[in-house]
1. Could the peptides 358-370, 121-133, 388-400 be put in order, highest first, of the mean number of other beta-carbon atoms found within 10 Å of their residues?
2. Taking 0.36 nm per residue of sequence separation and subtracting the Cα-Cα distance, how much length would be gained by fully extending the chain between Glu243 and Glu99, in nm to one decimal?
3. Mind ranking 286-298, 259-271, 166-178 by how tightly packed they are, going by the mean number of other C-beta atoms within 10 angstrom, highest first?
4. Quick one: what are the phi-derived ³J(HN,Hα) couplings along the range 225-232, Karplus 6.51/-1.76/1.60 with θ = phi - 60°, whole Hz, x for glycine and proline?
5. For Leu437 and Thr182, calculate 0.36 nm times their separation in residues minus their Cα-Cα distance, and state this gained length in nm to one decimal.
6. Among 146-153, 107-114, what's the highest-first ranking by average C-beta atoms within 10 angstrom per residue?
7. Rounded, prolate or oblate: which one fits the range 323-456, using the alpha carbon gyration tensor with axes a ≥ b ≥ c (rounded when a/c is under 1.5, else prolate when a/b beats b/c, else oblate)?
8. Points 7 angstrom from Cα along the Cβ direction at Ile322 and Ile145: gap in nanometres?
Amino acid sequence: MSAISDAVLTQILTQLEALQVSQQTLQAKLDTLTASRSTSSPSSPKGVGTPIPGRHADAAIMSAEAPTAAPQQSLISPSTSPVVSTIIHHEKDKDRERERLLYPSRVMLTTYPDQHGIKPYPLQWGAGDAATRGPVICSRLPSSIKQRNAIGAHSGSYSIYRALAIAMGTLNPAHKPDYSKTEPAVPIPPQPSWADPTKIVSFDPWGHLVPQVFKHELEDLGLDVRPSIAVTKAHMKLSEIDEAVRKGSLTIDGKILLKSRPLINADGTESSEDPGVEISISKAAVEPVWYLPGVAERFGISESLLRRALFEDTGGMYPELITRPDIKVFLPPIGNLTAYIFGNPAYLSDETKELTLRVHDECNGSDVFGSDICTCKPYLIYAIEECIRGAQRGGVGLVVYFRKEGRALGEVTKYLVYNLRKRGGDSADKYFKATELIAGVKDMRFQALMPDVLHWLGIKKIDNMVSMSDMKYNAIVESGIPIHKRYDIPEHLLPPDSRVEIDAKIAAGYFSSNKKLTEADLVKTVGRTWEETEH
């Protein structure tokens with residue numbers, strides 16, 4: 001193989017593509033005849049007769065579009081190495097065999113409520129106990145497909161990586177996880193809100209207890225039921241918290257805030273440098289599981305409109321949103337949330353304990369890489385400090401981190417907006433207009449679903465909320481959780497270039513404890529140009 005020139009390899013690939021087209025065209029002609037006979041058969045079950053891509057449906061489309069080639073024509077030239085030709089055909093045969101073993105010969109694009117054999121496992125959202133509520137089952141494995149009671153796939157956007165792993169043969173789709181010793185590291189017990197179908201609609205409140213409360217379905221019935229929440233403990237290490245301790249604004253208590261272990265020199269010896277501190281935390285990762293009637297109600301729209309929008313604007317990815325109105329649960333392909341708890345998690349539901357909260361929406365550029373164009377990282381760090389102080393006073397702190405990058409518009413859109421701002425004059429009066437020009441809306445972080453995690457944790461009131469956002473504040477209060485105090489980030493913690501964002505938000509009505517601005521004031525707040533930041 002190493003002796004083959006680039007030119008020969010290029011020729012081989014070109015010929016292989018032509019061969020694939022020829023094979024697809026020929027297969028299409030055969031399958032078109034086969035499909036027409038099978039679809040006219042009265043024994044063909046409703047909703048199951050769609051040909052498999054590449055063999056039936058896609059091939060039939062290609063037959064009308066792809067150029068044809070004589071079936072007997074050789075597409076491997078005499079100069080092509082027989083070894084290379086053999087390897088190529090062997091790999092294609094292996095892929096075909098894997099596809100045949102993994103999937104049935106015909107694709108089930110969708111099902112219908114009255115289809116033969118379809119019997120969803122009972123699921124009653126908002127039931128008071130796990131047995132009555134029932135497990136969430138979205139698997140298409142043979143053991144579960146007829147009893148599925150949910151649309152979509154586990155792991156949100158990461159479900160695509162699972163599909164790739166299965167296609168490449170690195171993951172057996174029938175792998176049965178061993179959930180022993182994976183139970184929550186700290187208890188998150190059932191709360192009254194779990195039994196209220198209006199309080200939690202965006203994830204499964206029983207998701208962290210699946211191996212325990214649905215043991216019968218997992219072990220006895222062999223159904224593919226998976227946890228959608230995991231709860232663990234960890235130590236958080238942040239250089240900003242190290243610095244806060246050195247300055248004296250935070251103190252080590254040996255319980256919430258601990259001295260880190262000694263640093264190690266390159267030669268393996270123990271360093272005399274200050275190792276800083278670490279924070280003892282509990283944390284929960286939560287995957288989205290939407291109860292569609294409840295989600296629709298939160299947004300003030302009909303369930304049918306919600307289903308149609310989800311179907312159409314994901315490119316028709318989930319046809320059962322339309323064909324299975326009896327299935328009320330959907331696992332959307334979006335990011336999850338993580339709850340970070342400072343102090344005793346049991347205090348979250350204890351109304352006698354002080355609770356400090358920060359609801360933070362992801363900003364990778366600032367949170368991880370320290371971009372100074374926004375206040376996201378300074379706000380997050382300040383909130384963590386406040387949570388530590390609250391926990392050290394005998395209360396509890398909570399930071400909920402949502403994956404809603406770029407105001408849920410995405411990082412690509414956010415960077416396009418950055419370009420527009422820097423080229424068009426980065427002033428506070430144009431801040432929201434720049435986003436609207438590109439995205440059509442200034443913010444898609446609709447906060448109606450956000451309070452669910454607070455109800456899951458049993459929170460009944462919030463003493464301190466570190467946030468400027470009226471959308472977040474209103475969503476929490478309207479969900480039935482009062483907020484006693486809210487405050488924004490101190491002025492001295494704002495990066496200079498983020499003043500554009502802050503002033504634009506204040507003028508737009510965001511909460512500010514010490515500054516009032518009008519639209520006329522915003523023209524004076526100007527960010528740095530690219531040239532000013534190039535050194």
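Every read-out reported here was derived from the displayed coordinates using simple, explicitly stated rules and does not represent laboratory data. What you see is a predicted model; the values in this text were computed from it and never measured. Note: ideal-geometry Cβ built from the backbone for every residue, glycine included; neighbour counts use all protein chains shown.
1. By packing density, highest mean first, the sequence is 388-400, 358-370, 121-133.
2. In short, 46.3 nm is gained.
3. By packing density, highest mean first, the sequence is 286-298, 166-178, 259-271.
4. Running phi through 6.51 cos²θ - 1.76 cosθ + 1.60 with θ = phi - 60° gives 10, 10, x, 10, 9, 10, 10, 9 Hz.
5. In short, 87.1 nm is gained.
6. Output ranking for 146-153, 107-114: 146-153, 107-114.
7. Oblate, because a/c is 1.5 or more while a/b does not exceed b/c.
8. Going from the Ile322 label point to the Ile145 one covers 2.1 nm.
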